[in-house]
Every structure is written in C-alpha cells, then in structure tokens.
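Below is one structure, written out as structure tokens; the observations come after it.
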Amino acid sequence: MRRGVVRWLLPSIVLALMPKCPVCFAPWVAVGTGVGISITTTTYLRAGLIVLCVASLCWMGWRRVRG
C-alpha cells in the first residue's frame, strides 16, 4: 500500500515543484545535482521530465482503471 502511494506522489510532486520557465529550471538543476547546464539543454531536459512524469501518471492511472 505504501509503495503505491509513493508511485503516485513522486511524479505529482516533481510536476508541482518544477519551475515553469527554462531559465528558472537551470538553477533548480544546479542546486539538485551540482552541475551547471546551458539554457538550451535545460529546455530539453525540462520537456523530457514533464513528458516522463505525465506518462508515468497516465500509465499508473490506466493500470488502476484496468484492474
């Protein structure tokens, strides 16, 4: 039961806390990892992270509805 809750919460929390612009996302990555990256790379990384979180939430929802 507890693992199931974490599976739902992790992508939801990441989406809620993610900055909305790539310029703000670069320092977020730097603080979290200690690595500085360019704005272009940040744009692609942010988009990929959003797609990954939404896809995982959709997958878990589909599995929940399916049974």
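Only the coordinates and a few stated rules stand behind these numbers; no lab work does. Quick caveat, the model's predicted, so the values are computed rather than measured. All Cβ positions, even for glycine, are placed from backbone atoms using ideal geometry, and neighbour counts span all protein chains on display.
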Quiz item: Within region 16-38, which residues are closer than 30 Å to Arg63 by Cα, aliphatic (A, V, I, L, M) and surrounded by 14 or more Cβ atoms within 10 Å (Cβ to Cβ)?
Solution: Met18
Practice problem: Please indicate, with yes or no, whether at least one residue in region 17-40 is on the phi < 0 side of the Ramachandran plot and under 10 Å from the mean Cα position of the chain (by Cα). | Solution: yes
Quiz prompt | Test result for Ser38, of a type in the set (Ser, Thr, Tyr) and touching a residue at least 40 places away in the same chain (Cβ under 8 Å) | solution = no
Quiz item: Inside region 39-67, can you point out the residues that are polar (S, T, N, Q) and either under 26 Å from Val5 (Cβ atoms) or surrounded by 11 or more Cβ atoms within 10 Å (Cβ to Cβ) (or both)?
Solution: Thr41, Thr42, Thr43, Ser56
Quiz prompt | Within region 18-41, tally of residues that are farther than 17 Å from Leu52 by Cα and part of a helix (DSSP H, G or I) | solution = 11
